[in-house]
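Q: Dropping a structure here in structure tokens format, bear with me for questions.
The values are calculated or read from the model by the stated rules, or taken from the named source; none is laboratory data. Since the structure is predicted, the reported quantities are computational estimates derived from the model, not experimental observations. With ideal geometry, Cβ positions are generated from the backbone for all residues, glycine too; neighbour counts draw on all protein chains shown.
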Amino acid sequence: MGISRRPLLLGLAIVMGLGFLVYFRLWIIDYRISADDTELLRRQFDLAHREAVDESAEWRSRFDEEMERVAECMKELNELKESRSTIAKDMPSVDERVERLQKENTDLRERLVSLKQELETVKLKCRSQ
């Protein structure tokens, strides 16, 4: 074994130094990419969050409008029921209007139930994102 230890150790140190430099350079590249990915993910999350909030506000607005219409119809129906008791029973126009309002009230209640279900599904969808 004619190779002395000094050049062998020097060669090993140089190889280790080059390996360290290559590893460090790869680590810096990976760090830059992952930092950019983090920023991109944050922006995407913020955008999705804003869209979800806007959509939730839209559904809430629809729900509130339907609630107002139902409350209005219920108020009108109650007024008609009260006035009906005082009006003669032979007036067909009042009966027709009451029937129409009852039908509209039923339709609005069904619409309200469907909007509530849609609102809940959207809320669950938003929470799952």
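Q: Consider only pairs whose beta carbons are under 9 Å apart and that are at least six residues apart or on different chains; among these, list those whose first residue lies in the range 106-120 and is under 12 Å from E65 (Cβ atoms) and whose second residue is of a type in the set (D, E) and part of a helix (DSSP H, G or I).
A: L108/E66; R111/E66; L112/E66; L115/E66
Q: Something else: Report yes if E82 is at pLDDT below 90, within 24 Å of the chain's Cα centre (by Cα) and loosely packed, with under 12 Cβ neighbours inside 10 Å, otherwise no.
A: Taking the combined requirement at face value, the residue does not satisfy it.
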